[in-house]
1. In what sequence do ARG121, ARG67 fall when counting other Cβ within 10 Å, fewest first?
2. Excluding residues on the same chain fewer than 8 positions from LYS132, give the lysines whose Cα lies under 24 Å from its Cα.
3. Return the subset of LYS12/LYS107; LYS59/LYS107; LYS47/LYS80; LYS47/LYS83; LYS71/LYS107 for which the Cα-Cα distance in this structure is over 21 Å, preserving the input order.
4. At a Förster radius of 35 Å, what calculated FRET efficiency corresponds to the Cβ-Cβ distance of ASN46 and ASP23, to the nearest 0.05?
5. Test of understanding: ordering SER45, SER26, SER74, SER32 by Cβ neighbours within 10 Å, fewest first, what list do you get?
6. Around HIS92, with a cut-off of 13 angstrom between Cβ atoms, what is the net charge of the other residues, counting Lys and Arg +1 and Asp and Glu -1?
7. For the pair ALA87 and LEU13, what calculated FRET efficiency results from E = 1/(1 + (r/R0)^6), where r is the Cβ-Cβ distance and R0 = 41 Å, to the nearest 0.05?
8. Counting other Cβ atoms within 10 Å of each Cβ, which GluC sites (Glu not before Pro) in segment 79-114 have at most 11 and sit in a DSSP loop?
Amino acid sequence: MVSERVLYSSVKLLTKSDCSCNDVFSCLYCLSPPEIDLLVILLRSNKGMTLESLADRVKRTKGTVFRALQKLVSLNLCNKSAKTREAGGYYHVYEAVDIDTIENSTKQRIDEVQLGLTRIRRKIRHDIIKMKLGK
């Protein structure tokens, strides 16, 4: 469960006048700064990148980068594909999804937040009365 303090700081961050793209990724996707850095690297790359090259680039362990990439893949912010080695075997390559996909996903998440806040607004009076009466 998300703590009230985190939720409040997320809402505060998203509603500030100079809210950045990093703020949006942090709040709506629960991405940490290193995870956002990986996404930015993938967005700027013209080709897929391997786990090893990304770990070298961000100077983190492969395990840490792997977990961050798994999160980005699960959030549909990047794709993972297998490539075959000529000598046999395979390796994985990671690429950011296209900007339209990220934009549409972000719009959907914003819509979900708006619906949630609308539900809260509709029932807040009732909930406060219940709190007052100890129910």
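Nothing in this text is a laboratory measurement; each read-out follows from the coordinates by a stated rule. Keep in mind that what you see is a predicted model, and the values were worked out from it rather than measured. All Cβ positions, even for glycine, are placed from backbone atoms using ideal geometry, and neighbour counts span all protein chains on display.
1. Values: ARG121 9, ARG67 13.
Fewest-to-most Cβ neighbours within 10 Å comes out as ARG121, ARG67.
2. LYS123
3. Details: LYS12/LYS107 18 Å; LYS59/LYS107 32 Å; LYS47/LYS80 12 Å; LYS47/LYS83 13 Å; LYS71/LYS107 19 Å.
Too far apart for the 21 Å limit: LYS59/LYS107.
4. Working: r = 27 Å, r/R0 = 0.76.
Rounded to the nearest 0.05, the efficiency is 0.85.
5. Numbers: SER45 15, SER26 19, SER74 9, SER32 12.
Ranked by crowding around the Cβ, least crowded first: SER74, SER32, SER45, SER26.
6. Details: positive: LYS62, LYS80, LYS83, ARG85; negative: GLU52, GLU95.
Taking every other residue near HIS92 into account, the sum is +2.
7. Values: r = 48 Å, r/R0 = 1.18.
That pair, LEU13 with ALA87, gives E of 0.25.
8. Numbers: sites: GLU86, GLU95, GLU103, GLU112; in loops: GLU86.
Answer in residue order: GLU86.
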